[in-house]
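Engineer: Mind having a look at this structure? Questions to follow.
The values are calculated or read from the model by the stated rules, or taken from the named source; none is laboratory data. None of these values were measured; they are calculated from a predicted model. As a convention, Cβ positions derive from the backbone with ideal geometry for all residues, glycine included, and neighbour counts pool all protein chains shown. Quick note on the areas: whole protein, heavy atoms, side chains included, nothing else; ligands and nucleic acids left out. Shrake-Rupley method; radii C 1.70, N 1.55, O 1.52, S 1.80 Å.
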Amino acid sequence: MVWLVLLGALLCLSRVGVGGLGAEDFLPSGPRDCPYRCVCAADLLSCAGLGLQDVPAALPAATTDLDLSHNALQRLRPGWLTPLSRLRALRLGHNELDALGRGVFTNASGLRLLDLSSNALRALGRHDLEGLGALERLLLFNNRLAHLDELAFRGLGALSRLYLGCNQLSSFSFDHLHGLGATHLRTLDLSSNRLGRIPVAALAALPAFLKNGLYLHNNPLACDCRLYHLLQRWLQRGLSAVSDFAPQYMCLAFRVPTSRVRFFEHSRVFENCSAALVGGLERPEEQLHVQMGRPLTLRCNTSAPAVRVAWVSPKQELLVAPGSRDGSIAVLADGSLAISNVQPWHEGLFVCLAAGPRLHHNQTHEYNVSVHSPRPEPEAFNTGFTTLLGCAVGLVLVLLYVFAPPCPGCRRCYRQGRY
């Protein structure tokens, strides 16, 4: 046994050696499939700021967040994302991309965030964004976009935030949003473009939650009376996209840059504008006052029968049959919304979204619900008790009159009065 102990000691000494092992010898090596000069951490891959002109050939299949921003990428080859079936966020901002092309986002069906900001994109084609059905945020600001295909955003049914600011767009289709449905959309940034004439009727037809996130400031808008009164109404209603940037809403009075005037400051340009011009454009929201605990039914009144009906709650929850996640709101078979027991958290704006072959795809009906507490009922008037009390008081007074002797002073006054 002793020789075994001595043998173990010799082996240990031989491993330690004269100088021993430095601390750097114990540093873990990076993943074997991590691209050169990139940083891999679990499911995150960052190749930002490396001056790359091409995407690295081998990308780890486990990547869910890929950062390729601040490089010199000019093209993306079709199918380059095929190995990355788990990808959820793709950051391509601050590159030199001037076009996308069909098949660029193949196998990116799970992508939630796509950042293409600060590139050199000039146009978006009909098939450039195919395969992004789960996309929620799309950043396209600070490019050179001058043209959008009328169906450029078709298939992006889950998109809630679209940023197109700081481009060169001179027109935008507000009636069908270039193929994008308004069901989930909450932010549409079109600021700092070249938008001039805007169809006011199409703006007025947008649902209230999208109007609140529609940014149109820093555009050379036409000094149109109907647009002026519509934006003025939005400002009075406190829509944040207008109120937060009110000083930056400009219009051209004479189609020359030097004739710019501010929309919301006094100007003779709008002195003769009549508010009646927009009287029938926006359907006013219905004001409903409901007592807490009572039932409430809201009907989606449309100009024609609807095939599909959805609602948006004050908490910005999309409501379809059978109803809300907490079960307090039900969507019925005819598209109506029912609340069996109204509570304070049901207060706010309910928006109905109706679609059908004879309807505008984003026709809406809005209800502003106010919830108030029931007034306490007054206590019932107890007539029996009051009658009994009155009788007792009357009896006491009679007894005092009959049996209580009058005071001497009163007796003298009485005698003097007789004689």
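Engineer: Residue check, residue 196 against (1) out of contact with any Pro (no Cβ under 7 Å at 6 or more places or on another chain); (2) over 28 Å from residue 308 (Cα atoms), all met but one. Which one?
Structural biologist: Of (1) out of contact with any Pro (no Cβ under 7 Å at 6 or more places or on another chain); (2) over 28 Å from residue 308 (Cα atoms), only one is false for residue 196: (1).
Engineer: Suppose we keep only residues that are at pLDDT 95 or above and among the basic types (Lys, Arg) within segment 115-163. Which one would you say is farthest from residue 218 (Cα to Cα)?
Structural biologist: The selected residue is 137.
Engineer: Next up: Taking segment 261-280 on its own, how many of its residues are loosely packed, with under 10 Cβ neighbours inside 10 Å, at pLDDT below 75 and more than 21 Å from residue 237 (Cα to Cα)?
Structural biologist: 1
Engineer: I need every pair where a residue in segment 153-171 that is touching a residue at least 24 places away in the same chain (Cβ under 8 Å) and of a type in the set (Phe, Trp, Tyr) has its Cβ under 9 Å from the Cβ of a residue that is part of a loop (DSSP other than H, G, I, E, B) and open to solvent by less than 30 Å² (accessible area, probe 1.4 Å), sequence separation at least 6 or different chains.
Structural biologist: Qualifying pairs under 9 Å: 153/129; 153/159; 153/180; 163/117; 163/140.
Engineer: Further question on the same structure: Being open to solvent by 90 Å² or more (accessible area, probe 1.4 Å) and either modelled with pLDDT under 70 or closer than 30 Å to residue 202 by Cβ (or both) narrows it down to one residue among 416, 363; which is it?
Structural biologist: One residue alone meets the criteria, 416.
Engineer: Can you name the number of the only condition in (1) surrounded by 10 or more Cβ atoms within 10 Å (Cβ to Cβ); (2) at pLDDT 90 or above; (3) farther than 24 Å from residue 102 by Cα that residue 84 fails?
Structural biologist: Unmet for residue 84, out of (1) surrounded by 10 or more Cβ atoms within 10 Å (Cβ to Cβ); (2) at pLDDT 90 or above; (3) farther than 24 Å from residue 102 by Cα: (3).
Engineer: For segment 179-208, name all the residues that are surrounded by 20 or more Cβ atoms within 10 Å (Cβ to Cβ), touching a residue at least 40 places away in the same chain (Cβ under 8 Å) and assigned to a helix (DSSP H, G or I).
Structural biologist: Result: 200, single match.
Engineer: Quick check on my filter: what residues within segment 118-160 are among the hydrophobic types (A, V, I, L, M, F, W, C), in contact with a helix residue (DSSP H, G or I) (Cβ under 8 Å, 6 or more places away or on another chain) and farther than 18 Å from residue 189 by Cβ?
Structural biologist: 151, the sole residue that qualifies.
Engineer: Which strands (runs of 3 or more DSSP E) sit wholly inside segment 30-79 and have at least 2 residues that are buried (at least 16 other Cβ atoms within 10 Å of the Cβ) and of a type outside the set (Gly, Ala, Ser)?
Structural biologist: Here the list reads 65-67.
Engineer: So which residues in segment 125-175 are among the hydrophobic types (A, V, I, L, M, F, W, C), open to solvent by less than 10 Å² (accessible area, probe 1.4 Å) and touching a Phe, Trp or Tyr at 6+ places or on another chain (Cβ under 8 Å), if there are any at all?
Structural biologist: 129, 132, 138, 140, 159, 162, 164
Engineer: Is it the case, given these coordinates, that residue 93 is part of a loop (DSSP other than H, G, I, E, B), on the phi > 0 side of the Ramachandran plot and either open to solvent by 30 Å² or more (accessible area, probe 1.4 Å) or at pLDDT 95 or above (or both)?
Structural biologist: no
Engineer: Tell me, please, whether a residue that is under 24 Å from residue 129 (Cβ atoms) and part of a helix (DSSP H, G or I) can be found in segment 210-217.
Structural biologist: yes
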